[in-house]
Each structure stands twice: as structure tokens, then as C-alpha cells.
Amino acid sequence: TWQGLCILYSNGKGLTFRSEALKELEPAQVRHIMLGHDGTIWLSTKNKGIIRVRGDVHDPSSLRMHIYSSPLDTELQISEANKMLQDSKGRIWACSLETGLMLYDKKRDGFVCVNRQYGIPDDDICSIEEGKDGNLWISSRQNIMCLQLKKDGSFARLRYIPNSNDSDGKYFGKGVS
């Protein structure tokens, strides 16, 4: 929701999360929800960065939240997170208006900006999807890109999808979904 997190259970009943442990969720404007392979809930928000929620959603008192408001390798702030993806290799990716494409570092429990590492020119990354071949399709304000990684996760290739329309103001935005 635009004001926190709600869950609708399969029995038709719902729950709005309001507890001391989750009080920071109430003002969060949630843009995207991703359920990780391990059951962790990841939230991309417009005004609170990235939020991780762990616990049993059937027992709200067990839920614990962590907010990621700044990447590990920069002093930039993550306030507008657009989308998250857990790829087939288990890597967790996040798209942000301010910090671009980020990758979750489980050992350090934080996100690392990877734009420079992979040669991505834009900081405003809107969306990400994984193709059947494992390539990552990324949209930014100005580009659609295909990121190919080696099996070890290192950079292989970045391709741009050419903009055949030379009109000014071409905006891709959240075009990949």
C-alpha cells in the first residue's frame, strides 16, 4: 500500500501490520514487493529505501524489519527504490533512482552499487528482469540494457537496445516488468 504493508490470506482474511517492531512501515510508500527464495519479504519503497521483513506472516509478533537506506560503498541515500529481483543464481538485485543498480552482499548485510563495475551509465535504474537465458534486462530513464554475467557473477557484456526513434525526451521508465 502507499501507507505500510497489508497481507490478504488465502482464507479471505487480511492483516495490516501495526506493531512496535514494524512501526517504520506505516509511512513507507511500497512500490514493489519481492518474496525471496528463503521466505524473506523485500520491499522497494518511494520514501524509505529498501526494507527487509523476516518472520512468520501468520504470527505478526515474530516479524522483524531492517531498513537499508544507504549502500555499503557510498554515502548516497536510497530513498526511492523501484524494483527488486532475486535471480536464478539467488542474487538479490535492487533498482534505485539515486544509486542505480545494486547487488545485495549477504556477508556484509547490505547493498553495493554496481553501475561502474558493469559499465551502466545511468543512476536512475527503473526495473530489472531475468531472461530465460539468465541475462538481466534493465531499464533506466534513457536506456534498455541487457547485462550478461559469467557463471561466477563477474561481468561478461553489456548491450544497449538501440533507440530507433530519435525523438527528444524518449523515456523508458519502468518499461521492463
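The values are calculated or read from the model by the stated rules, or taken from the named source; none is laboratory data. Model, not experiment: these values are computed from the prediction. Note that each Cβ is placed from the backbone with ideal geometry, even for glycine, and that neighbours are counted across all protein chains shown. Heads up: the accessible areas ignore ligands, DNA and RNA and are worked out on the full protein's heavy atoms, side chains in. Shrake-Rupley method; radii C 1.70, N 1.55, O 1.52, S 1.80 Å.
Mean 1/r over all different Cα pairs, inverted: what Kirkwood radius does the stretch 63-113 give, in Å?
11.2
At a 10 angstrom cut-off on C-beta neighbours, averaged per residue, how do the peptides 98-104, 69-75 rank from highest to lowest?
Highest-to-lowest ranking by the protection proxy: 98-104, 69-75.
What is the packing order of peptides 140-146, 114-120, 57-63, taking the mean over residues of other C-beta atoms within 10 Å and listing the highest first?
140-146, 114-120, 57-63
Amide H neighbours of Arg91 under 5 Å, at least 5 residues apart or on other chains, H built in the peptide plane: list them.
none
Given a cut-off of 32 Å, name the pairs among Lys48/Lys106; Lys48/Lys89; Lys46/Lys89; Lys46/Lys132; Lys13/Lys132 whose C-alpha atoms lie farther apart than that in the structure shown.
Lys13/Lys132
Could you give me the ³J(HN,Hα) list for the stretch 128-134, computed from phi with Karplus coefficients 6.51, -1.76, 1.60 and θ = phi - 60°, whole Hz, x at Gly and Pro?
Running phi through 6.51 cos²θ - 1.76 cosθ + 1.60 with θ = phi - 60° gives 8, 9, 9, x, 4, 7, x Hz.
Beyond 18 Å, what percent of the Cα pairs of the stretch 1-145 remain?
I get 55 percent for the Cα pairs in the stretch 1-145 exceeding 18 Å.
Roughly speaking, to the nearest percent, how much of the stretch 1-153's 1.4 Å accessible area is carbon and sulfur?
Here carbon and sulfur together make up 49 percent of the probe-accessible area.
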